[in-house]
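These notes are about the structure you will find just below.
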Amino acid sequence: MNTLRGGIEVEDAVQSLAEAEASTEDELSPSNRDPYSPDDEEEYYRLVVKMSSHELVRRLNTHLGATLVAGLAGVKDRKLPYKWATANGPEPRDEALQRLQMAMRVWMALSAADNDYVARSWFVGMNPRLEEQSPVLALRAGRLAEVKAASRSFVEGIDE
C-alpha cells in the first residue's frame, strides 16, 4: 500500500476525494434569507451535526487550512487534520470536535454573508468583540458562544 507524506494511505486519500466530489455543495448553499436568521442558525447546526467528523474536518481544511484547523482543535501536529479528514482515519476528541463544529457553523454564516476570503480573514484577524483576540484563538480557548455572537455582529454590521 502506498503512503503519502503525513502517513495517509493513497487509497484513503482517493476515497476522501471521491466522497468530496459526491457530496454536493448545495447542502451548504445559503438560503436567500439573512445568514443569521433563526431558521438559518438551526439549518447550519443541523447540517454540521449530520456531517461525519471526517467530512467536517475535510471542509475546514479546504476553507481554513490544516494549520488553522490544528489550532482550533488544540493539537500541535499540523498533519493531524489531514488524517482526521480521511474516511478511515482517526477522529478528533469530543472537545476539539465541538470547537470544529462551531467553527464550521460560523464559517457557513460568514461565507454566506460575504465570501470565503472575508470569512477566512475574519477567523485569523484580531477581533474587537473578542478583546482583540482572533476567533481561532478564542474558539481554541472554548469561548464558543462569544465567537458565535461576534460573527453574528459582523454579519449584521452591528457595532457595540
| message | For the pair ASN115/THR62, report the inter-label distance in nm, with labels modelled 7 Å from Cα in the Cβ direction. | response | 1.8 nm
| said: Please give me, ordered by residue number, the trypsin sites (Lys or Arg not before Pro) of the range 63-94 that lie in loop per DSSP and have at most 12 other Cβ atoms within 10 Å. | reply: LYS76, ARG93
| remark: Of all GluC sites (Glu not before Pro) in the range 86-140, the ones in DSSP coil with at most 13 other Cβ atoms within 10 Å are GLU131, GLU132
| note | The set of residues whose placed amide H lies less than 5 Å from the amide H of GLN133, leaving out same-chain residues fewer than 5 positions away, is ASN127
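None of the figures in this text is laboratory data; all of them are computed from the coordinates on show. What you see is a predicted model; the values in this text were computed from it and never measured. Cβ: placed from backbone, ideal geometry, glycine included. Neighbour counts: every protein chain shown.
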